[in-house]
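The values are calculated or read from the model by the stated rules, or taken from the named source; none is laboratory data. A quick note: this is a predicted structure, and the numbers were derived from the prediction, not measured. With ideal geometry, Cβ positions are generated from the backbone for all residues, glycine too; neighbour counts draw on all protein chains shown. Just so you know, the surface numbers come from the protein's heavy atoms only, side chains and all, with ligands and any DNA or RNA stripped out. Shrake-Rupley method; radii C 1.70, N 1.55, O 1.52, S 1.80 Å.
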Amino acid sequence: VLGTALPRVEVFHHGNVSKAEFDAEKWEVDFLRWGMNIVMEEIRDYYYYFAHSEYYNYKHTANVTRFNLPCSDNSGKEFSFAVFSLPGTGPNSPAIVFFHGGGMVLGDEDMYDAYIVGHETGAVIISVGYRLAPENPFPAGLNDCYDALVWTIENAHLIGVNPAKVSVGGSSAGGLMAAAVSLRARNNNLQPKVNAQYLHIPVLRYPGGGTISWNEFFHIQGLNAQAMSWFWAAYSADAIQCMKDEECSPLMTRNFSNLPPAVILTATCDILRDDGLLYARYLKKAGVNVTHGSLPNTHFGASTFVTPEMKKGLHHLKELIT
């Protein structure tokens with residue numbers, strides 16, 4: 001372990017950290033100052049409690065059914081996903097296959113943001129615990145996300161959803177997965193087509209700078225250029241190829257046409273902001289129906305809070321998918 005030792009909470013293991021032992025604000029500061037120098041398991045344990053403790057009431061009003069699927073790349077591994085539905089959700093409901101954030105290296109299917117989207121839209125949520133880098137670099141996690149979409153469409157009757165009303169969505173790195181899955185589904189002529197895509201503060205390309213927000217928030221405390229570079233180095237060892245591959249960097253696609261209608265939310269004080277704005281602009285130029293919402297005076301770390309602006313964006317999503 002390099003650099004200054006990270007002050008630790010007493011217990012690291014999943015499920016064993018009480019709220020009294022865990023200071024979320026302190027975790028954020030410590031992670032951002034030293035996180036690039038501590039071992040992956042410690043980062044994941046911190047993140048696990050932080051991401052599972054938010055919006056507790058959202059989680060515990062949903063019905064949850066869990067599934068495992070074998071990975072399609074002959075690795076012999078499995079990935080998991082959870083189906084969340086609100087009490088009273090009827091058959092033939094719209095569905096959102098949701099991909100969590102966490103820089104492609106953190107998180108799981110029980111992240112709180114999936115529950116928020118379900119509560120605000122009324123959709124059945126299929127939240128995917130895709131394989132994480134660096135143990136499983138690109139495209140392993142993306143393959144799991146796409147396979148979960150295909151499974152949902154083919155097994156819609158099992159979970160009470162309409163196969164013609166299956167959308168994708170995600171937050172941060174999950175937005176990357178949602179955009180890439182939408183591209184793959186279009187290229188594969190997947191039927192029925194993806195109904196819509198929800199991209200919340202999305203990561204959309206291998207970091208290369210060149211935007212105002214990248215320069216403005218290069219050194220911001222939070223998700224900054226150093227953190228982005230670290231996450232991407234874990235996700236793909238081949239930077240040049242990742243910059244060129246539309247499934248790794250959806251913003252770099254040469255064809256934005258015939259993609260699903262999109263709801264895109266960006267935060268005004270976020271290094272990722274302008275990539276989201278560019279993606280919205282390119283989709284609109286290609287004739288795709290796009291709703292863009294801005295989270296004002298908001299940095300990346302606060303962009304998951306359920307604000308009126310977020311609710312407005314999710315209201316647009318609800319109208320789009322029903």
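Below is a table of values for the structure above.
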read-out	value
Subset of segment 218-256 (residues that are part of a loop (DSSP other than H, G, I, E, B), open to solvent by 40 Å² or more (accessible area, probe 1.4 Å) and among the aliphatic types (A, V, I, L, M))	ILE220, ALA237
Members of segment 140-167 that are touching a helix residue (DSSP H, G or I) at 6+ places or on another chain (Cβ under 8 Å), over 15 Å from GLY90 (Cβ atoms) and not small (Gly, Ala, Ser)	LEU142, CYS145, TYR146, LEU149, THR152, PRO163, VAL166
One residue from LEU149, LEU183, LEU176 being surrounded by fewer than 23 Cβ atoms within 10 Å (Cβ to Cβ) and either part of a helix (DSSP H, G or I) or in contact with an Asp or Glu (Cβ under 7 Å, 6 or more places away or on another chain) (or both)	LEU183
Some residue of segment 278-291 being open to solvent by 10 Å² or more (accessible area, probe 1.4 Å), farther than 30 Å from PRO91 by Cα, touching a strand residue (DSSP E or B) at 6+ places or on another chain (Cβ under 9 Å) and modelled with pLDDT of 90 or more	yes
Boolean, THR266 is open to solvent by less than 60 Å² (accessible area, probe 1.4 Å), touching a residue at least 60 places away in the same chain (Cβ under 8 Å) and of a type in the set (Ser, Thr, Tyr)	yes
Failed item, numbered, when ASN215 is tested on (1) within 18 Å of the chain's Cα centre (by Cα); (2) without any contact (Cβ under 8 Å) to a residue 60 or more places away in the chain; (3) outside any loop (DSSP other than H, G, I, E, B)	(1)
From the options ASN57, ASN63, ASN68, residue that is open to solvent by 50 Å² or more (accessible area, probe 1.4 Å), more than 26 Å from LEU223 (Cα to Cα) and at pLDDT 90 or above	ASN68
Residues (of a type in the set (A, V, I, L, M) and under 28 Å from ARG44 (Cα atoms)) located in segment 87-123	ILE96, VAL97, MET104, VAL105, LEU106, MET111, ALA114, ILE116, VAL117
Criterion: part of a loop (DSSP other than H, G, I, E, B) and either touching a Pro at 6+ places or on another chain (Cβ under 8 Å) or farther than 16 Å from GLY101 by Cβ (or both) - qualifying residue of ASN162, ASN189, ASN143	ASN189
Residue match in segment 97-119 (condition: closer than 21 Å to GLU319 by Cα, at pLDDT 95 or above and hydroxyl-bearing (Ser, Thr, Tyr))	no
